[in-house]
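Colleague: Quick one: the structure is below, questions incoming.
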Amino acid sequence: MSASVEIGDVTLTYRGVSGGVLALKGTTLNVRRGEFAAVVGPSGCGKSSLMKLVTGLLPPDNGSIVISGAKVTGPVKIAGMAFQNPNLLPWRKVVDNVLLPLEIVQPYRSNFRREKKQYREQAEALLKTVGLGGFGDRYPWELSGGMQQRVSLCRALIHQPSLLMLDEPFAALDAFTREELWCVLRDLWQKIRFTVILVTHDLREATFLADTIHVMSARPGHIVMSKTVELPRPRELEDCFKPQFIDIVHELRAKIGEVRQQ
């Protein structure tokens, strides 16, 4: 089952020896069950901080994070995460990297030894879904950057999370590979319909993938605009060149340019 996310009037301050930095102030954002949401904004606006709050890696100073009716008070087990760096363990084969969450997250951890054969079959099937069938016994260093990021997506999804958190997952890839992985993620989401929150600087990426795009202000970050993407699904790469798609990208760019001046 997919998750709903309610971020209510959240404030977050990073405290250090030279004083505090107010990262988020009065941030409110709601994501429906099964929705694909994107968060964009200028550098340093607190997009990644928002991810840490939602996944329970950081507590807010004020406000609340509620996922599927339950207040977040610690690390969220129902969330899968993928980042700009795939962070694969080089000494583990691809399939064993994918299986890692099942060795850590309950209730899978308790059953891991007994169910390992079944879990491995699930991992191999997931790898096949993203075009990596037959690569399970390779090591990460034998794969290209795009292939490693596909493995990272599989690892984030192997425990069937109801919420997928993506922090700039394709930013380090070349344009062709990035667009290829947009389509991989699109197909996975349409098949499984988990809830997604994607943080990205790429406005085309946000427009191609998301149902709703939330624009954040400069620091301290808060939501200044929520744009519904009224483009039919499934979207194809050719849609990126259509006037309606381009108009959305220009509108987002103009809003970000505006908040950068404030």
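Please treat every number below as a calculation from the coordinates, not as lab data. All figures in this text were calculated on a predicted structure; none of them were measured in a lab. All Cβ positions, even for glycine, are placed from backbone atoms using ideal geometry, and neighbour counts span all protein chains on display.
Colleague: How do Leu173, Leu29 line up, fewest other C-beta atoms within 10 Å first? Don't skip to the end; give the middle numbers.
Modeller: Numbers: Leu173 18, Leu29 21.
The order, fewest Cβ neighbours first, is Leu173, Leu29.
Colleague: How big is the dipole moment of the stretch 53-182 about its Cα centre under a simple scheme where the beta carbon of each Lys and Arg is +1, that of each Asp and Glu is -1, and everything else is neutral? Debye, nearest 20, please. Before the final figure, lay out the partial values.
Modeller: Values: 15 positive and 13 negative charges, 129 e Å.
Rounded to the nearest 20 debye, it is 620 debye.
Colleague: Enter the per residue convex hull volume of the stretch 96-174, computed from alpha-carbon coordinates, in Å³ rounded to the nearest integer. Can you show the working numbers first?
Modeller: Numbers: hull volume 7.7 nm³, N = 79.
That works out to 97 Å³ per residue.
Colleague: With a cut-off of 8 Å between alpha carbons and a minimum separation of six or more residues, what is the relative contact order of the chain in percent?
Modeller: Values: 495 pairs, mean separation 70.7, N = 262.
About 27 percent, as a whole number.
Colleague: Taking the stretch 33-129, how many lysine pairs are there with alpha carbons less than 22 Å apart, if each pair must be eight or more places apart or span two chains?
Modeller: 10
Colleague: Is the C-alpha gyration tensor of the chain telling us rounded, prolate or oblate? Criteria: a/c under 1.5 is rounded; beyond that, a/b larger than b/c is prolate, otherwise oblate. Let's see the in-between values first.
Modeller: Working: a/c = 1.79, a/b = 1.29, b/c = 1.39.
Note, shape of the chain comes out oblate.
Colleague: Let me check I've understood the local charge: for Ser2, count other residues with C-beta under 11 angstrom from its C-beta, Lys and Arg +1, Asp and Glu -1. What total comes out?
Modeller: Working: positive: Arg32, Arg33, Arg193; negative: Glu35.
Net of charged neighbours comes to +2.
Colleague: Answer with one residue from Phe208, Leu166, Met225: the one whose Cα lies farthest towards the positive end of the charge dipole of the stretch 136-262, charges on Cβ with Lys, Arg +1 and Asp, Glu -1.
Modeller: Final value for the positive-end residue is Met225.
Colleague: Place a +1 charge on the Cβ of each Lys and Arg in the chain and a -1 charge on the Cβ of each Asp and Glu, then give the dipole magnitude about the Cα centre in debye, rounded to the nearest 20. Each step should come with its number before you reach the end.
Modeller: On the way: 33 positive and 27 negative charges, 167 e Å.
It works out to roughly 800 debye.
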